[in-house]
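The values are calculated or read from the model by the stated rules, or taken from the named source; none is laboratory data. Values in this document were obtained by computation on a predicted structure and should not be read as measured data. Backbone-built Cβ (ideal geometry, glycine too); neighbour counts: all protein chains shown.
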Amino acid sequence: MKSLRWMLAGVILCAMAVAVRADDKKPDKPSSDKADYAKLVVGTWEATKVDSKDKDNAPVTVGSIAEFTKDGKIKATVKRGAKEEVHEATYKVDGDKITLTVPKTNDSPEKNITLTIKKLNDSELTIVDDEGNTIEWKRKKGS
């Protein structure tokens, strides 16, 4: 009976050691789809929904187009009524963050804008900017 207890205690200790050791393992590569965000974001996107706190000064409007290129550039065409504004910047994807670097102009200094990816797959992109504006995009066909 005594040997049975010792054997049971040994089995429990081994099981605990295996469980603790399993918790120590770190994944070899980043988990989830975030590793593919840099590749998935490349293409042409059309804004389908804009949820902005300030409707009159939303960063983009429904129907606006954003083109992310493989070489880290973005070109956005924003429609405001009958006018179209074209903006260019560079971007970098790090995890679920996209950092846009808008170059200096005569009117403003260089500016960094951080976007948080809430959803990204082959056909949909949802981002939230650092002012809390949420923008939903659909991938344009052929991009």
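A few points about this structure:
- One residue alone among E85, E46 is modelled with pLDDT under 95, part of a strand (DSSP E or B) and not hydrophobic (A, V, I, L, M, F, W, C), and that residue is E85.
- Residue in the stretch 123-130 that is modelled with pLDDT under 95 and either among the hydrophobic types (A, V, I, L, M, F, W, C) or under 18 Å from the mean Cα position of the chain (by Cα) (or both) present: yes
- Residue count, the stretch 129-143 (criterion: touching an Asp or Glu at 6+ places or on another chain (Cβ under 9 Å) and within 21 Å of T44 (Cβ to Cβ)): 9
- Residue that is farthest from T69 (Cα to Cα), among those in the stretch 116-141 that are in a loop (DSSP other than H, G, I, E, B) and free of Cβ contacts under 8 Å to residues at least 40 places away in the same chain: D130
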